[in-house]
Amino acid sequence: MIVHRQPFIIHQFDKLSSTNDVLKKMANQPEFTCVVADEQSAGRGRRERQWHSSPGDGLYLSVLLLPEATKKLSLLSLLAAVSVAETLIERNVSGVDIKWPNDVLVNGRKLCGILIESVSTGANAPRIIAGIGVNLNHASFPAELRATATSLKIETGSAVMVDEFRDQLLQKLLVWYGRWKRGEEKMISDRWQQLSSYALGQQVNVTLDAETITGETAGLTEDGALKLRLADGNLRTILAGEVTRLRKDET
Ligand code: BTN
């Protein structure tokens with residue numbers, strides 16, 4: 001089924017492997033083509049993880065973006081997280097937070113994950129697949145996720161219309177993507193920092209490919225990289241990594 005929500009053209013599936021994988025095969029379509037599924041059999045997360053995608057419980061959405069070749073792409077994942085966080089806040093959800101770079105948490109547990117991928121077309125301009133998974137109506141999670149994942153149903157007690165949430169989120173995404181296209185990068189990193197309790201003064205571990213470093217968060221660079229103040233006072237800029245907050249007794 002195809003649903004039109006200007007400028008989005010939404011291809012809605014009952015079940016597929018991964019909305020990112022299916023949209024990659026449609027990457028010659030116009031910008032704002034979306035793939036949404038009720039269920040994914042092979043939903044993917046960052047760092048080769050799976051994304052739990054039980055039927056009807058979540059929003060499993062991928063959006064095709066065609067930014068100009070000259071744009072720096074690093075802020076895209078932050079603006080997607082800001083869009084999700086604002087959608088939740090607009091729905092009066094409390095306890096919304098963002099963990100760098102783009103995990104949206106509610107009351108400390110992960111409600112949304114974002115996977116930004118690019119399709120190589122040989123042409124200059126990148127074709128970006130912005131994959132967004134939001135846990136909406138899950139009543140529970142498999143044992144291995146229970147301590148870290150949550151859904152809106154678990155947090156608020158109420159079920160959510162997935163399509164309504166999708167449309168509200170797409171409108172937010174359009175606004176923030178428009179700002180990014182106009183060069184309003186600072187607005188994005190400022191808003192991210194406002195919404196994230198991780199942005200400043202937090203003792204964290206950051207797991208990189210080959211090492212784990214500890215430091216205090218010191219805001220974002222203009223490109224959305226995380227600044228970390230190390231024990232020796234030096235600042236280190238993190239472009240990619242997994243952040244964990246240290247408990248008070250670990251600091
Ligand atoms: C993460 O936090 O690890 C990112 C999770 C991204 C999940 C979404 S669900 C829709 C889209 N399709 C996928 O296969 N993955 C993303």
TODO: Leaving ligands, DNA and RNA out of it, work out the accessible area of ASP190 with a 1.4 Å probe and give it in Å² to the nearest 10.
DONE: 70
- [ ] Alpha carbons only, please: Rg and Dmax for region 200-250, in angstrom.
- [x] 10.3, 32
Open item on the list: Can you give me the Kirkwood hydrodynamic radius for region 38-141, using every pair of distinct Cα atoms, in Å to one decimal?
Closed with: 14.6
TODO: Kindly sort MET1, MET26 by accessible area of their heavy atoms, largest first, with the probe set to 1.4 Å.
DONE: MET1, MET26
TODO: Report, in deg cm²/dmol and to the nearest 500, the calculated mean residue ellipticity at 222 nm for the chain, where each DSSP H run with n ≥ 4 adds -39500 (n - 2.57) and the sum is divided by the residue count.
DONE: -7500 deg cm²/dmol
Task: Using θ = phi - 60° and Karplus 6.51 cos²θ - 1.76 cosθ + 1.60, couplings along region 99-111 (whole Hz; Gly, Pro as x) - done: 9, 4, x, 8, 7, 9, 10, 10, 6, x, 10, 7, 10
TODO: Treat region 132-177 as a sphere of radius equal to its Kirkwood radius over Cα pairs and apply Stokes-Einstein at 10 °C in a medium of 1.306 mPa s; give the translational diffusion coefficient in µm²/s, rounded to a whole number.
DONE: 135
Open item on the list: If I take all pairs of Cα atoms in region 132-251, what percentage of them are more than 26 Å from each other?
Closed with: 41
Task: Rg to Rh quotient for the chain, alpha carbon positions, Kirkwood Rh - done: 0.95
Task: Spatial separation of Cα centroids for region 126-188 and region 4-52, in angstrom - done: 14
Task: Local electrostatic count at LEU64 - Lys and Arg +1, Asp and Glu -1, tallied over other residues with Cβ under 12 Å - done: +1
Task: Unsatisfied cross-links (Cα-Cα over 28 Å) in the set LYS71/LYS227; LYS15/LYS172; LYS72/LYS153; LYS24/LYS153; LYS25/LYS186 - done: LYS72/LYS153; LYS24/LYS153; LYS25/LYS186
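The values are calculated or read from the model by the stated rules, or taken from the named source; none is laboratory data. Computed from a prediction, not measured in an experiment: that's the story for all the values here. Positions of Cβ are backbone-derived with ideal geometry, glycine not excepted, and every protein chain shown enters the neighbour counts. For accessibility, only protein heavy atoms count, side chains too; no ligands or nucleic acids. Shrake-Rupley method; radii C 1.70, N 1.55, O 1.52, S 1.80 Å.
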